[in-house]
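Enquirer: Here it is, the structure in full.
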Amino acid sequence: MNFTEVEFISTVEILGTFAFAVSGAIAAIRNRYDLFGILVLAFVTATGGGTIRDVLVGNMPVSWLTNNLAIGSALFGFVFTIALRSKIKKLQPWIFYFDAAGLGLFTVMGTEVGLEAGMGVGISITLGTITGCFGGVIRDVLSGIKPLIFRGEIYAMASVIGGLLYVTVLNMVEGEIWAQVVSILSIIVIRIIALRYKLRLPRVRNEM
Amino acid sequence: MNFTEVEFISTVEILGTFAFAVSGAIAAIRNRYDLFGILVLAFVTATGGGTIRDVLVGNMPVSWLTNNLAIGSALFGFVFTIALRSKIKKLQPWIFYFDAAGLGLFTVMGTEVGLEAGMGVGISITLGTITGCFGGVIRDVLSGIKPLIFRGEIYAMASVIGGLLYVTVLNMVEGEIWAQVVSILSIIVIRIIALRYKLRLPRVRNEM
Amino acid sequence: MNFTEVEFISTVEILGTFAFAVSGAIAAIRNRYDLFGILVLAFVTATGGGTIRDVLVGNMPVSWLTNNLAIGSALFGFVFTIALRSKIKKLQPWIFYFDAAGLGLFTVMGTEVGLEAGMGVGISITLGTITGCFGGVIRDVLSGIKPLIFRGEIYAMASVIGGLLYVTVLNMVEGEIWAQVVSILSIIVIRIIALRYKLRLPRVRNEM
């Protein structure tokens, strides 16, 4: 990777981790959790997906333990949410874009970890989706609600499609930066379209 | 292991993983989860117990990541449940037997992993029970209900007894196939007897 | 470590693991769980924090699998709670002190694991807090309630302060026993003061 590429990835990672931490902190404040609870939910939302991926693959110590960029971004998301909580509604569009960028980057990073560990394409994309989505699942379990991503939101689906595009472009074009950019942008675009047109993933009619 | 033995184990693993995935998919449909939620619950129910066991022991990458038989069976359970959900009630007896066979096999496989890792007998049986039962615990947590196996069902108890029998027969008879068969059959029989006579594990009276 | 030191640590570990198991068993009985559910909740409360720490750091097999002292103490907590459940209210003060001692020791042990693995001071204290507090988080998730330590109790905060004191004293005085004693005692004292004066961690006003 050259300098610009590292900069690009780092910027996306900072914004994404920040947005994930904000969504955890918001969930904690809505639950009337104390300061410690807000801190924990900010952190597990930001780092939970990558942690599960690292544990499944055997990549230990898990990466966030030694990733000061991620720790700093999550801490900043925690402080930011508490300080500006009365203005969060106005900031929501920004947080939405950061979150979409984070979902994109985490999907790409997780898929890369799978491929580098010699996993098949399907499992690698699965690891990408776990990286992007399962922090939110832990957030919801610790908030006492049923996971949002199981209830119709086009979120995991965006991650899966982004993972597929990543692998496809990687096989067609030289240089992984193109695969990264296409995958992250496609995930952001899918999230925006789903929000704009209120698209939902179909639920299955309970005929049991 | 000779060919027949491999065949026997593989058949039981396919049926068991399938049945566990079906129970996860049913829980998700009852929760009105979307397609992605149904897929995740099918998978975590089928692979969760073995994943926890692998993580505790340090067996990474966890086994299902490279087990195409398990992945295929879980995927088939997911598709099957959605396609035939209006007929699931009629199929329930079959799913019950497959699930019992799965509980038996997973208990045996988990106990074997413990013994091979040099763990004591008690810990090995514990790992067997975790393998057989904790996928269902994750399923219930992600469904927002209190785990079924903590509420009186003779399920974990069947697994513990099967694990004890496995270790006992292994020490008495040569060839692990006998221990496997006795253990799996005993677990199936206990599950059938418990269902037939509506046996429940005692709850402790709350005198606090 | 000399003999007395080993004795001191072992005694605290036995009492602490016992108290954590009791709190898990009590939660299970309150939920009307069966015998197996009580056993599982006793165990995960006693060993859950250390398990998460070991998994994050990559210390496998996780330590309780080969720690007969911890297994025995947790089993004893399980049997004790069922046998004496009608007298638990009277015994509550003792259990409170044991639990505080356990929180202290587990915090120290977790912080040590982090430092020995070459982690920074902040991450090591985080690992200490995870070791002390996250068994209770799993207990609450498996009990279907929102984690108690996120709802104002001065529990995790005591653990964080104890971890800070541990690292501070370790850098100032030779021999880790002094750091251990100061840290554990400070955590016990903070817990007693918080109980006595009904101190609570501030919640953040939901202004969203």
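The values are calculated or read from the model by the stated rules, or taken from the named source; none is laboratory data. The model shown is predicted, which means the values in this text are computed figures rather than measured ones. No Cβ is skipped: glycine too gets one built from the backbone with ideal geometry, and neighbour counts run over all protein chains shown.
Enquirer: From the list B:Thr111, B:Thr4, which one is touching a helix residue (DSSP H, G or I) at 6+ places or on another chain (Cβ under 8 Å) and of a type in the set (S, T, N, Q)?
Expert: Numbers: B:Thr4 fails: touching a helix residue (DSSP H, G or I) at 6+ places or on another chain (Cβ under 8 Å).
Just one listed residue meets the conditions, B:Thr111.
Enquirer: Here's another thing I want to ask about it. Scan region C:168-183 and give yes if some residue there is under 25 Å from C:Ala27 (Cβ atoms), crowded, with 24+ Cβ neighbours inside 10 Å and not aromatic (Phe, Trp, Tyr), otherwise no. First the steps, then the outcome.
Expert: Step one: of region C:168-183, the residues under 25 Å from C:Ala27 (Cβ atoms) are none.
No, that holds for no residue.
Enquirer: If I ask for residues that are aromatic (Phe, Trp, Tyr), over 12 Å from A:Leu142 (Cα atoms) and within 11 Å of chain A (Cβ to nearest Cβ), which ones from region C:134-169 would you list?
Expert: As a first pass, look at region C:134-169 and keep what is aromatic (Phe, Trp, Tyr): C:134, C:150, C:155, C:166.
With the extra rule that they be over 12 Å from A:Leu142 (Cα atoms), the set shrinks to C:155, C:166.
If the condition is that a residue be aromatic (Phe, Trp, Tyr), over 12 Å from A:Leu142 (Cα atoms) and within 11 Å of chain A (Cβ to nearest Cβ), then C:Tyr155 is the only one that fits.
Enquirer: Something else now. Being surrounded by fewer than 22 Cβ atoms within 10 Å (Cβ to Cβ) and part of a helix (DSSP H, G or I) is the filter; apply it to region A:141-156 and report the residue that is nearest to the chain's Cα centre (by Cα).
Expert: Only one residue fits best here, namely A:Leu148.
Enquirer: Can B:Glu174 be described as away from chain C (no Cβ under 14 Å) and in a loop (DSSP other than H, G, I, E, B)?
Expert: yes
Enquirer: Also, quick follow-up: For C:Ile184, all conditions in the list (1) away from chain A (no Cβ under 14 Å); (2) touching a Lys or Arg at 6+ places or on another chain (Cβ under 7 Å); (3) not basic (Lys, Arg) hold save one; what is the number of the exception?
Expert: Failing condition for C:Ile184: (2).
Enquirer: For the subset of region B:194-206 comprising residues that are assigned to a helix (DSSP H, G or I) and of a type in the set (A, V, I, L, M), which member is surrounded by the most Cβ atoms within 10 Å (Cβ to Cβ)? Don't jump to the end; show me each part of the working.
Expert: To start, the set of residues in region B:194-206 that are assigned to a helix (DSSP H, G or I) comprises B:194-196.
Next, only the ones that are of a type in the set (A, V, I, L, M) stay: B:194-195.
Details: B:Ala194: 18, B:Leu195: 14.
Result: B:Ala194.
Enquirer: Moving on. If A:Gln92 satisfies all but one of (1) among the polar types (S, T, N, Q); (2) over 15 Å from the mean Cα position of the chain (by Cα); (3) more than 30 Å from C:Glu207 (Cα to Cα), what's the number of the condition it fails?
Expert: Going through the list (1) among the polar types (S, T, N, Q); (2) over 15 Å from the mean Cα position of the chain (by Cα); (3) more than 30 Å from C:Glu207 (Cα to Cα), A:Gln92 breaks only (3).
Enquirer: Can I ask one more? Looking at this structure, is C:Arg191 crowded, with 19+ Cβ neighbours inside 10 Å, touching a residue at least 12 places away in the same chain (Cβ under 8 Å) and charged (D, E, K, R)? If you could, list the steps in order and put the result at the bottom.
Expert: Details: crowded, with 19+ Cβ neighbours inside 10 Å: yes; touching a residue at least 12 places away in the same chain (Cβ under 8 Å): yes; charged (D, E, K, R): yes.
Taking the combined requirement at face value, the residue satisfies it.
Enquirer: Go through (1) under 27 Å from C:Leu185 (Cβ atoms); (2) at pLDDT 95 or above; (3) touching a Leu at 6+ places or on another chain (Cβ under 6 Å) for C:Phe78 and report which single condition fails.
Expert: (1)
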